[in-house]
Each structure stands twice: as C-alpha cells, then as structure tokens.
1. In the list GLY463, GLY412, which residue meets the criterion of being of a type in the set (Gly, Ala, Ser) and in a loop (DSSP other than H, G, I, E, B)?
2. How about region 318-333: which of its residues are farther than 10 Å from ILE290 by Cα and either in contact with a Pro (Cβ under 9 Å, 6 or more places away or on another chain) or free of Cβ contacts under 8 Å to residues at least 24 places away in the same chain (or both)?
3. Hey, can you tell me all the residues within region 16-36 that are surrounded by 18 or more Cβ atoms within 10 Å (Cβ to Cβ) and part of a helix (DSSP H, G or I)?
4. Select from region 345-362 the residues that are without any contact (Cβ under 8 Å) to a residue 24 or more places away in the chain and not in a helix (DSSP H, G or I) and write down the one among them that is surrounded by the fewest Cβ atoms within 10 Å (Cβ to Cβ).
5. Looking at GLU167, GLU172 in this structure, which one is farther than 19 Å from GLU436 by Cβ, modelled with pLDDT of 95 or more, of a type in the set (D, E, K, R) and crowded, with 20+ Cβ neighbours inside 10 Å?
6. From the list ALA104, ALA63, ALA82, ALA50, which residue is in contact with a strand residue (DSSP E or B) (Cβ under 6 Å, 6 or more places away or on another chain), of a type in the set (A, V, I, L, M), in contact (Cβ under 8 Å) with a residue 60 or more places away in the chain and within 27 Å of PHE203 (Cβ to Cβ)?
7. If GLN223 satisfies all but one of (1) buried (at least 22 other Cβ atoms within 10 Å of the Cβ); (2) assigned to a strand (DSSP E or B); (3) of a type outside the set (Lys, Arg), what's the number of the condition it fails?
8. Any chance you could count how many residues in region 236-270 are assigned to a loop (DSSP other than H, G, I, E, B), β-branched (Val, Ile, Thr) and over 24 Å from LEU175 (Cα atoms)?
Amino acid sequence: MALENSKEKNFSDWYAEVVQKSEMADYSSIQGCMVVRENAYGVWEAIQEAFNAMIKAIGHRNALFPLFIPKSLLTKEAEHFAGFTPEVAWVTRGGDTELSEPLAIRPTSETIMYESYAKWIHSHRDLPLLLNQWCTVVRWETKATKPFIRTREVPWQEGHTVHATKEEADAEVMLILGFYKKILEEYLAVPVLIGKKSDGEKFAGALYTTTCEALMPDGKALQSATSHNLGQNFAKAFGIRFKDKDETEQYAWQASWGMSTRVIGAMIMVHGDDKGVVIPPRVAPLKVVIIPIAYSKPEDAKKVAKYCEGIYAKLKAAGISVKLDDRDDKSAGWKYNEWELKGVPLRLEIGLKDIEKDAVMMVRRDTGQKNSVAKEGLEKSVEDELEKMQHQLFEKAKKSRDERISDAKDYGEFKKALEDKKGFVRMSFCDERECEETINKETTATVRLISFDDHKPKHKACGHCGKPAKVTAYFAKSY
C-alpha cells in the first residue's frame with residue numbers, strides 16, 4: 001500500500017499514484033475517462049448536500065435536461081459555439097441509421113436549456129427562473145488528462161438563471177460565487193482568491209466571468225468554480241423575452257455558474273501527503289475508524305471486541321460516521337496504514353490498557369497527534385477534534401498559499417517571482433488582451449483573476465507594457 005512517490009519530490013507522479021491507491025478514482029479503458037470511486041463520490045455527495053441546501057434556501061430548484069444537443073442549437077450563439085468547437089463529441093448514427101442532424105454530447109447546457117426557457121418565459125411574473133442541474137458533461141480534451149483535474153467526462157453542477165434586469169443577474173453571479181467560496185474554504189478547506197476573469201479568459205459568450213482560483217502545491221493555479229453574467233447574448237439568440245409591468249417586451253438577462261469534481265482534485269493536492277489523501281472532516285464520507293488491538297488470548301480479544309462494539313454504538317448513535325474495522329486477517333499496523341492512505345480524519349486505537357483507563361487512543365490523520373480520550377463524553381471529544389482539524393487544515397493551506405503570492409512592479413520582477421516562488425504574481429496591468437497574450441506566450445502564465453479588493457492598481461503603469469494600468473491582476477501558470 002505504501003506510496004512510491006514523494007509529494008515534494010515528484011508531485012505529478014505522487015498525485016497519479018495517490019488517487020488510485022487511496023481508491024478515490026481509477027483509470028478506464030476509455031482514454032481520458034476515469035471511474036469516480038466510492039471514497040471520492042462520498043466527498044461529492046457531501047458537496048452536493050451542502051450546495052443544494054445553500055441554493056434551495058433562496059429559491060433555486062434542481063432539474064435535468066437532455067444529454068444530446070442538436071448541432072443547430074449548439075451553433076445558435078456564435079461566440080459560445082466557437083469557444084467549444086474543439087471539445088465537442090458528436091453522435092452521427094443511431095443504431096444502423098445515419099442521423100439527419102449530428103447531436104453533440106452535452107459539453108455544457110446553455111443551448112438545450114435555453115430552448116426550453118424561451119417556451120416557458122412570457123411575463124415578468126415568470127421571473128426569476130432559478131434552475132440547477134447535477135449531471136456530467138463531455139469535453140473531448142486534446143491535452144494530457146489527469147484524474148479529477150482534466151478528463152473527458154466531467155461530473156458537475158451547472159446553474160442557469162433568468163432575470164428581468166442586469167442588476168438582478170449581477171447579484172446572482174456574486175451570490176453564487178460566495179457559495180462556491182464557502183464550499184471550497186469551509187468544507188474542502190481549500191483557500192481561494194475570488195475575482196473577475198480577463199476578457200481573454202472569460203466564458204465564451206458571457207458578458208463577464210467571475211472565478212474562484214486555488215493554488216496547488218506545485219505552484220500552479222486551479223480554476224475551481226466560475227459564475228458568469230451572460231448578459232442578453234443568449235436571450236437574443238434564443239428569443240428569451242418577457243413583457244414587463246408596462247407590457248413592453250424585453251430581452252431577459254441571464255447568469256450561469258458551475259463547479260465540478262475538479263474541486264476534489266484540489267482537495268487531494270492541497271491536503272494529501274506521502275501517506276495518502278487527507279479528507280477534511282466536513283466532507284469525509286467516513287469520519288472515524290475504530291481499530292481493535294489484537295491479542296492471542298481469546299478472553300483478551302473478546303474483552304477488546306466487546307469494548308470496541310460499545311464505542312462504535314456510542315458514536316453511531318450520536319450521528320457520527322464511524323466504522324469498526326474488526327477484520328481478523330489484517331494486523332493493526334496494516335489497518336493504520338490503510339485508513340491513513342484513504343484519508344479518514346480520526347482513528348481510535350483500543351487495547352487492554354485503554355480499557356483499563358476507560359478511554360481510547362485518538363489519532364489525527366493530518367498531524368499524527370495521539371491523545372488518550374475518556375470514553376465518557378467521547379462523542380463531544382470526537383466532534384470537537386473533527387472541527388479543530390477542519391479549521392487547522394484550512395489555516396495551514398492558507399498560510400502556504402499566502403507565502404506564494406508575490407508582488408511585481410515590472411516585467412523583470414514578474415518573471416523572477418514566477419520562477420522562484422511558483423505561485424501567484426500580483427501586478428498592475430493594462431487589462432488589454434494583446435498584452436496578456438504576449439505574457440502568456442513568453443511565460444505560459446495567464447491572468448487568473450482581476451482582484452475585487454484592489455480597486456486601484458498599486459502602480460500607474462502596466463508592469464509589462466508600460467501603458468496606463470487599469471487593474472490589479474493575479475497571474476500564474478495553471479492547470
């Protein structure tokens with residue numbers, strides 16, 4: 001079970017190995033596709049539960065639209081289609097029959113959903129329309145694939161909402177962006193920067209795009225979730241119109257937003273170590289594993305087994321996800337390694353000495369810290385330790401991220417920071433596509449976000465071209 005690769009020395013190989021050995025994912029015979037295994041899908045279910053609670057509390061509902069999209073629909077919004085053309089997979093035959101029109105396998109659902117929206121929306125009374133769907137999309141990637149981070153079939157959610165005004169669409173965009181930040185930081189313990197995408201990096205067909213950007217241990221940025229104001233582009237292409245209170249016909253304003261299982265990859269990269277994955281408690285499918293110490297004398301083994309069963313029942317009754325690993329064909333040491341590999345937050349080791357003290361030995365997955373904890377009040381002790389671990393995982397990751405944010409006043413400092421610290425480089429920027437493209441060509445870095453917080457650039461001139469600076473931009477190499 002032991003990992004052969006080191007996270008620090010060989011990050012890419014470590015990631016590929018840890019994903020498989022920890023049973024988060026497996027490779028499929030279909031090139032570029034992965035099997036999301038139970039351990040990771042349990043994390044995804046926890047994310048679904050948390051995010052559904054957030055959006056449903058403010059009136060959003062879940063629906064499901066077709067997987068197949070006729071070519072005539074996909075090409076209706078020209079800029080949108082141009083952005084997806086290289087990634088679209090097509091169905092041209094059904095059984096033995098050639099289709100009269102090729103069908104795209106859903107790369108994203110704007111077009112198939114908005115065809116229906118145009119039929120459903122007639123009046124201002126039909127607005128806002130607030131729908132989300134959990135599904136998979138297919139992007140026929142040509143780049144090297146990496147489990148969770150870049151695959152051809154992607155499990156995700158996509159929200160598509162319709163509003164009467166730009167102000168309402170703007171509010172939706174920011175509200176959902178805040179939800180994504182909460183999921184990433186408070187559930188996955190992955191710190192993110194939020195901001196606006198440059199025009200060169202925005203979603204095809206959108207008025208503007210906002211983003212949550214995380215930083216991975218290898219110094220590359222990972223776009224973890226996005227929220228877009230689509231303006232009226234799609235409304236005009238699909239005829240999504242409504243009559244306002246004055247009976248004047250208007251085109252609707254739209255927003256869309258999405259988050260995929262890519263965030264699980266971020267979690268693995270940020271928190272994992274050379275023992276395996278580390279799953280933050282709030283998304284861990286299994287939070288506690290109980291491991292009895294084996295004894296050769298039957299009476300001793302029976303005493304330990306009975307005590308462990310009592311601890312298991314106690315935690316389960318408290319609503320804590322717990323497993324009693326009472327397999328008799330594996331040593332305690334083997335079990336320790338296995339559950340560390342799979343990232344279970346807490347391990348309870350129980351032997352005769354613990355029983356004598358009416359206690360358990362509690363071991364933290366992230367730090368390896370051991371504490372003898374009394375059986376009395378164990379439920380609260382476990383819950384407190386899980387919350388402590390959740391908080392400390394985030395603080396550790398945030399400290400690491402912040403240490404790799406550099407400031408550059410000119411292009412020389414920019415390139416040096418990019419290579420030395422391998423993280424985010426903050427620079428005053430002209431916000432012109434040509435300038436960004438030149439930087440990307442020379443360094444492979446892109447504008448990951450334009451800061452919401454730094455309203456005025458620190459320097460008057462763009463750090464690259466010398467033209468008047470308009471914004472503060474965070475650059476990085478990325479996945």
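The values are calculated or read from the model by the stated rules, or taken from the named source; none is laboratory data. This is a predicted model, so every value here is computed, not measured. Cβ placement follows ideal geometry from the backbone for every residue including glycine, while neighbour counts extend to all protein chains displayed.
1. Working: GLY412 fails: in a loop (DSSP other than H, G, I, E, B).
None of the other options fit; the residue is GLY463.
2. GLY319, SER321, ARG327, ASP329, LYS330, ALA332, GLY333
3. VAL18, VAL19
4. Going through the qualifying residues, I end up with ASP358.
5. Numbers: GLU167 fails: crowded, with 20+ Cβ neighbours inside 10 Å.
Criteria check complete, one pass: GLU172.
6. Just a single option satisfies the conditions, and that option is ALA63.
7. Exception for GLN223: condition (1).
8. Qualifying residue count, region 236-270: 1.
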